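What follows is one structure encoded as structure tokens, with my remarks underneath.
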Amino acid sequence: MPSKIGIFGGTFNPIHLGHLIVADDVLCKFKLDKIIFIPSYLPPHKVIKDTNAKHRYKMVKLAISKNPNFKISPVELNRKGKSYSIDTVKYIQKLYKNKAHIFFILGVDAMQEIHTWKNFNELVDICHFIVVSRPGYDTLHLKKKIAKYLDSTEKVHFMKVTHTNISSTEIRVRIKTGKNIKCLVHSDVEKYIYQHKLYV
Ligand code: ATP
Ligand code: MG
């Protein structure tokens, strides 16, 4: 049987428990062999001010270190420049000699922008998409929207995950305003953030 590989991309600025819960739920439901977390170098549609890619990478590594089904890849960091998912998925496919089934994991909020991604129709054609629910984002509206842009939605799967109202934005704001983040991130990530004085 071909392996089933999840790809979970993001800026992870920083990685939080919401990300880990999503990954756990998806791994379980789709019976994936592993999920590869891929921190972006330069997200094409976002400005990252204060945290360099190395810090974001290291925090992901710390957060997933105890889960044998979670891996991390530096492919986007090494490639530098803008991180396009189409390039990353093709790289991972090659790595598995085109024999694995690839599942690209993203939230409803990210999927809303799919029509702005490089070669989005090709991307949805060469791998499966798992679109996970996120509080505050409307899945029904998204379904109607993507039907307009995508040639086919056959490989787009929607999944309701355990809801957490956590975002990296909220964590950055909490740190700036002196609030604790203990219940929102892995304890090693919390330590790392303070050690390196991130987001202050
Ligand atoms: P930011 O606030 O900086 O945008 P974020 O919390 O959205 O950070 P990202 O790194 O942008 O985190 O997200 C990576 C992926 O994880 C995206 O596909 C996003 O939709 C998904 N995601 C992040 N947090 C959640 C959550 N709490 N529930 C469901 N999906 C999530
Ligand atoms: Mg985001």
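For the reader, a short list of remarks on this structure follows.
- Dividing the Cα radius of gyration of the range 62-200 by its Kirkwood radius returns 1.00 for Rg/Rh.
- Sparse packing (at most 15 other Cβ atoms within 10 Å of the Cβ) combined with a DSSP loop state is found for the following GluC sites (Glu not before Pro) in the range 40-122: E113.
- Computed [θ] at 222 nm, deg cm²/dmol, the chain (DSSP H ≥ 4; -39,500 (n - 2.57); rounded to nearest 500): -11500 deg cm²/dmol
- Rg in Å to one decimal, and Dmax rounded to a whole Å, for the range 9-80 via C-alpha atoms: 12.2, 37
- Using the Cβ of N69 as centre and a radius below 10 Å, the other residues enclosed give a net charge of 0, where K and R count +1 and D and E count -1.
- Taking label points 7 Å from Cα along the Cα-to-Cβ direction, I48 and S3 give a separation of 2.5 nm.
- Sequence ranges 140-146, 177-183, 15-21, ranked by mean other-Cβ count within 10 angstrom, highest first: 15-21, 140-146, 177-183
- In the range 96-166, a dipole from Cβ-located charges (positive for Lys and Arg, negative for Asp and Glu) runs towards its positive end, and of I105, Y137, F120 it is I105 whose Cα lies farthest in that direction.
- Listed cross-link partners K31/K182; K58/K94; K29/K176; K31/K66; K4/K118; K80/K155 are compared with a 27 Å cut-off, the Cα-Cα value being larger for K31/K182; K29/K176; K80/K155.
- The coefficient of translational diffusion for the range 24-66, derived via Stokes-Einstein from the alpha carbon Kirkwood radius under 10 °C and 1.306 mPa s, stands at 129 µm²/s.
- For the pair K145 and D33, a Förster radius of 22 Å applied to the C-beta separation gives a FRET efficiency near 0.10, rounded to the nearest 0.05.
- Antiparallel DSSP beta bridges within the chain, percent to nearest 5: 0 percent
- Summed residue charge, Cβ within 12 Å of A100's Cβ, Lys/Arg positive, Asp/Glu negative: +4
Computed from the coordinates by the stated procedures, all read-outs in this text should not be read as laboratory data. What you are looking at is a predicted structure, and each value in this text was computed from that prediction instead of being measured. We place every Cβ from the backbone using ideal geometry, glycine too, and count neighbours over all the protein chains shown.
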